[in-house]
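Visitor: For reference, the structure I am asking about is given below.
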Amino acid sequence: MSNRAFLVPGLLALVLAAGACSSPPPPTPTPSPDQTVGTQVYVTAYTWQDNTPAGSPIISHPVLHKTAGGTGTYEDPVTVAVGHSLATGQDVLDFAPGTRIYLPHVRRYFIVEDTCGDGPTPQDGACHTGAEEFGDASIWLDMWIGGEGESGRSARQCTFKVTGVHRAVFDPPDNYVVATGNGVIHDGKCDSGYGNELVTK
């Protein structure tokens, strides 16, 4: 819906007669939509070394990838794990598999393809609950950062670097800037630290 204002003809005539048709005041600037979307989420990361099972890229709800992966573009988003619940006897994810999410602090798109939280009551544990303990966020996302071929120490250091409360855009447009490289860990580098500003192409 447009924000344009309309005057009925009779009211317009009264305004003109009153001489109020001099230059209208300048419009009040409104923030760019890119600066008003998004929500604060608590972001953690998991790697090849600490996945379940360890030393594998296995995921629970494949959509675009058979195993965890992705470069981070809109067309090839990186796998992200979300909380889930077995309280009903069914495995219900906090966000539907296939949901796309953009995280500006790593400048990559992600796609829900995995779950975070093990055991018979994952709804009582990490990712489904507890985000508020780490800052002003109620949603917890666990992003895949890879790390195959990296040392366990190097991969852990990258998880620490990307962890925190950050901005996230759910069901984002496809025009946000994407960092180069194949995923968050690539070429021996932990690619993050871009901040929470949304930058478009």
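The values are calculated or read from the model by the stated rules, or taken from the named source; none is laboratory data. This is a predicted model, so every value here is computed, not measured. Methodologically, a virtual Cβ is constructed for each residue, glycine included, from the backbone with ideal geometry; neighbour enumeration extends over all protein chains shown. Heads up: the accessible areas ignore ligands, DNA and RNA and are worked out on the full protein's heavy atoms, side chains in. Shrake-Rupley method; radii C 1.70, N 1.55, O 1.52, S 1.80 Å.
Visitor: Would you mind checking which residues have amide H under 5 Å from Ile139's amide H? H placed 1.01 Å from N; only 5 or more apart, or other chain.
Guide: Tyr42
Visitor: About the Cα centre of region 84-201, how large is the charge dipole given +1 on each Lys and Arg Cβ and -1 on each Asp and Glu Cβ? Please answer in debye to the nearest 20. List each step's numbers first, then the result.
Guide: Details: 9 positive and 17 negative charges, 110 e Å.
For region 84-201, the charge dipole is close to 540 debye.
Visitor: Also, quick follow-up: Cut-off under 14 Å on the C-alpha distance; same-chain residues fewer than 8 positions from Lys161 excluded. Which aspartates and glutamates are left, in chain and number order?
Guide: Partners within reach: Asp142, Asp191.
Visitor: Turning to a different aspect of this structure: From the phi of every residue in region 186-196, what ³J(HN,Hα) in whole Hz does the Karplus formula 6.51 cos²θ - 1.76 cosθ + 1.60 yield, where θ is phi - 60° and glycine or proline is x?
Guide: Going residue by residue, I get 8, 6, x, 10, 9, 8, 7, x, 7, x, 9 Hz, with x marking Gly and Pro.
Visitor: Right, another one. Need one number: convex hull volume per residue for region 36-120, Cα atoms only, in Å³.
Guide: Taking only Cα atoms, region 36-120 has a hull volume of 112 Å³ per residue.
Visitor: Multiplying the sequence separation of Tyr194 and Gln90 by 0.36 nm and subtracting their Cα-Cα distance, what value in nm do you get?
Guide: Values: separation 104, 0.36 × 104 = 37.44 nm, distance 3.79 nm.
Here the segment from Tyr194 to Gln90 would lengthen by 33.6 nm.
Visitor: Can I ask one more? Given a cut-off of 24 Å, what percent of all Cα-Cα pairs of region 94-201 lie beyond it? Mind dumping the intermediate values first?
Guide: Numbers: 1527 of 5778 pairs.
That fraction is 26 percent.
Visitor: Here is a further query. Report the extension gain between Thr73 and Asn175 in nm, rounded to one decimal, defined as 0.36 nm multiplied by the number of residues separating them, less their alpha carbon distance.
Guide: Working: separation 102, 0.36 × 102 = 36.72 nm, distance 0.98 nm.
Here the answer is 35.7 nm.
Visitor: Order the following by accessible area, largest value first: Thr88, Thr52. Probe radius 1.4 Å; ligands, DNA and RNA are ignored. Can you show the working numbers first?
Guide: Working: Thr88 110, Thr52 85 Å².
Solvent-accessible surface, decreasing: Thr88, Thr52.
Visitor: List the aspartates and glutamates whose alpha-carbon lies under 18 Å from that of Lys189, not counting same-chain residues fewer than 8 positions away?
Guide: Glu148, Glu150
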